[in-house]
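Since the structure comes first, as structure tokens, the remarks are kept for the end.
The values are calculated or read from the model by the stated rules, or taken from the named source; none is laboratory data. This one's a predicted model, so the numbers in the text were calculated from it and none came from an experiment. Virtual Cβ from ideal backbone geometry, glycine too; neighbours counted across all protein chains shown.
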Amino acid sequence: MNAEARRACFQSTTLPYLDRLVALASRWSDGDQAEDYVQETYARAWTAFHQLRDTGAAFPWLCKILRTVANERRRTVARRRDLLFITELEAAHEEIIASDAPSPLENLLARLEAGTLREALRSIPEDLAEAVELHDLHGLKYREIAQVTSVPIGTVMSRISRGRQLLAGLLRLRDEEPARRVAMQGNGE
Amino acid sequence: MGIRGRQQVHPVTEAAFQHARLQELVAPFADGELPREQKRAVEEHLRGCERCRCELALQRDLSRALAREPIPGASAGLRRRIEAMGGPTEDRIERAFPWNRRWASLALAAMALLAVAGTVLRVRHQASRPMAQIPVLRDALADCRRAMARNFPRKADLPALAEGLPFPIPVLDRPGVELFSTWKTTLAGSPGAGLAYRWRGIILVQYTVPIDLIRQQPGVGEALSRAGFYAASELGQGVVAVVAKGSGTVLIASAPPEELRRLIL
């Protein structure tokens, strides 16, 4: 393949995922720095493009490179926002499951503004949030997530399951917060 | 916070062990990620376990809600820098400014912008009518960009796609062309079907619309009557429109229009 054909192939294979990679990079960093991670990812991908055997698997391949870049660059683990006590989230999830509604989150989800769920992912443990994000926001299969994150597929299963459970608990707690405050004020607390 | 109802309904029995084992599989079941045997076991368990049915609804609802979340896009600057990667301009700049990557990037971005502007001017000069003035093609290109930015809907579901559409959807059936995604859309105010294929390592997008709509498009109708197809290329994107099997079909890909035409005619 000549240089121009290689470049055309690289672009048509990787450019459709540019926005998604920037979104993924924003897990670890804001604005310009997230874009720096992505630019570095593309630079490495260009150099290693001959190693990509299946162009249909370009997105997980790029995710893995981005993850390596982010891990090398960042000193601390992810941008965490008010990480909550896990036990509190678990209890809130139990309460949802114990309700009688067949779709217990339906009403709550319908009231959420766009972007709220993505933001909420930052308040649950990093490894769980990452698996949920790769699957639900970016459409990776379990097997691809296992490759990207270098863990067994069983671990991916439990991370996604538990990640969504904690996220549901978090949404429930946040939804109850204003009502709880009003009740406390009513009780003179 | 109180915990009510079904939380404690499983005593320590074989059924409780079974429940503990199978509830771990509810999320992969919801995501269609279980092998047949485990899937059957979960289905059976769900019939008798209200708690796991509730968990299934929670997992599905959250997954769908997350899939609808907007994602931030790349800035125009980053997109230009990456599009220029590996090109001759980048090599020249890297040699000219090896000490300062940021300035090199800015220069590269400016040169890429000029190159794009130049291409647009050349294309507009050559084409009798820019695609931006042909409503179906304009909307198809915009929809294609949106679908690509969202990494395409996850499934190819032809029966669901055909449902309610008043025209047939001819699916490309050629060796090496693999359908992986379908979605409904609106082009020039009319319902349309979108289909995405993998083809020779690139993505090929097909739009199908009512036959009358494609014939009414300025410039396209004339080309269809004259040559049996419409073909154009803009910014490296090939576009071909034809009438086939009772529908109007548009193909879009980063490939010469002649190659796209051979795929469909």
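Only one residue in B:ALA241, B:ALA255, B:ALA188 is surrounded by 23 or more Cβ atoms within 10 Å (Cβ to Cβ) and under 22 Å from B:PHE152 (Cβ atoms). Which one?
Unique residue meeting the criteria: B:ALA241.
When you look at B:PRO98, is it outside the structural domain of B:PRO153 (by TED's automatic domain parsing) and at pLDDT below 85, yes or no?
Considered against the rule, which asks whether it is outside the structural domain of B:PRO153 (by TED's automatic domain parsing) and at pLDDT below 85, B:PRO98 comes out as yes.
Which of the residues belonging to the range B:241-252 are on the phi > 0 side of the Ramachandran plot and either acidic (Asp, Glu) or modelled with pLDDT of 85 or more (or both)?
B:GLY246
Of the residues that make up the range A:27-50, is at least one at pLDDT below 90, within 9 Å of chain B (Cβ to nearest Cβ) and touching a strand residue (DSSP E or B) at 6+ places or on another chain (Cβ under 7 Å)?
Checked the range A:27-50: no residue is at pLDDT below 90, within 9 Å of chain B (Cβ to nearest Cβ) and touching a strand residue (DSSP E or B) at 6+ places or on another chain (Cβ under 7 Å).
Quick one: B:CYS52 ticks every box in (1) out of contact with any Cys (no Cβ under 9 Å at 6 or more places or on another chain); (2) more than 11 Å from chain A (Cβ to nearest Cβ); (3) modelled with pLDDT of 90 or more bar one, so which box is it?
It fails just one condition, (2).
From the list B:LEU161, B:LEU179, which one is within 22 Å of B:ARG261 (Cβ to Cβ) and modelled with pLDDT of 85 or more?
B:LEU179
Mind checking which residues of the range A:148-174 are within 11 Å of another protein chain (Cβ to nearest Cβ) and under 15 Å from A:LYS64 (Cβ atoms)?
Hit for the range A:148-174 is A:VAL156, nothing else.
Out of all the residues in the range B:33-43, is one or more out of contact with any Asp or Glu (no Cβ under 6 Å at 6 or more places or on another chain), within 10 Å of chain A (Cβ to nearest Cβ) and under 21 Å from A:SER158 (Cβ atoms)?
Yes, there is a match, as at least one residue in the range B:33-43 is out of contact with any Asp or Glu (no Cβ under 6 Å at 6 or more places or on another chain), within 10 Å of chain A (Cβ to nearest Cβ) and under 21 Å from A:SER158 (Cβ atoms).
Which residue out of B:GLY228, B:GLY219, B:GLY246 is over 19 Å from B:TRP183 (Cβ atoms), touching a Pro at 6+ places or on another chain (Cβ under 9 Å) and of a type outside the set (D, E, K, R)?
B:GLY246 is the lone residue from the list that is over 19 Å from B:TRP183 (Cβ atoms), touching a Pro at 6+ places or on another chain (Cβ under 9 Å) and of a type outside the set (D, E, K, R).
If you scan the range A:1-26, which residues turn out to be over 19 Å from B:ILE252 (Cβ atoms), facing chain B (nearest Cβ under 9 Å) and crowded, with 19+ Cβ neighbours inside 10 Å? Talk me through it step by step, then tell me what you get.
We begin by selecting, within the range A:1-26, every residue over 19 Å from B:ILE252 (Cβ atoms); these are A:1-7, A:10, A:20-26.
With the extra rule that they be facing chain B (nearest Cβ under 9 Å), the set shrinks to A:3-4, A:6-7, A:10, A:20-24, A:26.
Within the range A:1-26, A:ARG7, A:PHE10, A:ARG20, A:LEU21, A:VAL22, A:ALA23, A:LEU24, A:SER26 qualify.
Hey, among B:ARG64, B:ARG80, which residue is more than 8 Å from every other protein chain (Cβ to nearest Cβ), at pLDDT 85 or above and either closer than 29 Å to B:PHE152 by Cβ or in contact with a Lys or Arg (Cβ under 9 Å, 6 or more places away or on another chain) (or both)?
Just one listed residue meets the conditions, B:ARG64.
Tell me whether the range B:220-240 contains one or more residues that are on the phi > 0 side of the Ramachandran plot, in contact with an Asp or Glu (Cβ under 6 Å, 6 or more places away or on another chain) and modelled with pLDDT under 90.
Within the range B:220-240 (the criterion being on the phi > 0 side of the Ramachandran plot, in contact with an Asp or Glu (Cβ under 6 Å, 6 or more places away or on another chain) and modelled with pLDDT under 90), the answer is no, since none of the residues qualifies.
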